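> Got a structure here, written out as structure tokens. Questions coming.
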Amino acid sequence: MVFAVRVVAMTVNSWGCVGQGSALRSSPLFHAGCEPPPPDRHDGPVSFYDEIGGEETITRIVARFYAGVAGDEVLRPMYPEEDLGPAEERFRLFLMQYWGGPTTYSERRGHPRLRMRHAPFPVDPTARDHWLKHFRDALDEVALPPEQDQQFWDYVTHAAQFMVNTMET
Ligand code: HEM
């Protein structure tokens with residue numbers, strides 16, 4: 001058991017999911033939709049970030065998401081700062097970089113190490129479901145074409161599952 005936990009910790013990539021080339025490719029923890037996009041999505045003329053409308057679209061998604069968090073009785077108490085603005089900005093920059101936009105997130109915050117950064121917060125299945133409900137509302141608001149909506153949704157649903165760190169409510 002201890003060994004299994006260490007293997008997972010060593011192979012999880014810093015974007016919150018098990019990375020490519022991992023020995024755990026066949027593990028239920030591995031999800032293609034959970035990996036950072038391959039390098040060509042960053043370097044090519046049209047990244048997924050560009051395809052969906054870049055900063056403007058991601059800003060709208062994250063603003064809608066945080067409006068949901070602000071009124072959520074489960075999630076709001078988990079956020080340490082009274083002002084949600086800085087948290088919103090971190091998440092916005094993270095998603096921009098994840099999908100192939102500017103790398104400002106890493107320049108400011110270093111490696112994402114999302115599992116580790118969420119460790120102080122008790123993310124149980126209820127918190128995950130609340131989180132995903134607000135993200136679903138946010139994606140609905142920007143109404144991406146179905147294929148892009150699916151790609152975005154696949155990533156966040158897998159990543160949200162991966163962030164669950166307790167079963168205790
Ligand atoms: C599953 C439910 C989740 C809960 C309850 C949750 C909760 C939180 C909380 C309380 C913070 C601290 C706010 C701050 O001060 O920045 C945070 C930070 C963050 N979360 Fe989540 N989160 C969840 C899922 C996710 C997912 C799925 C992603 C990515 C797709 C994500 C990305 C981030 C990022 C990028 C930060 C800021 C990290 C940094 O400090 O640089 N979270 N989250």
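> Taking other Cβ within 10 Å of each residue's Cβ, how do Thr169, Thr157 sort, fewest first?
Exposure proxy ranking, most exposed first: Thr169, Thr157.
> Ranked by Cβ crowding within 10 angstrom, fewest neighbours first, how are Arg128, Arg92 ordered?
Arg128, Arg92
> Something else now. Of Phe121, Phe48, Phe135, how do they rank once you tally other Cβ atoms within 10 Å and put the fewest first?
Ranking Phe121, Phe48, Phe135 by Cβ neighbours within 10 Å, fewest first, gives Phe121, Phe48, Phe135.
Each value in this text was obtained by applying a stated rule to the coordinates, not by laboratory testing. From a predicted model like this one, the values you see are computed outputs, not experimental measurements. As a convention, Cβ positions derive from the backbone with ideal geometry for all residues, glycine included, and neighbour counts pool all protein chains shown.
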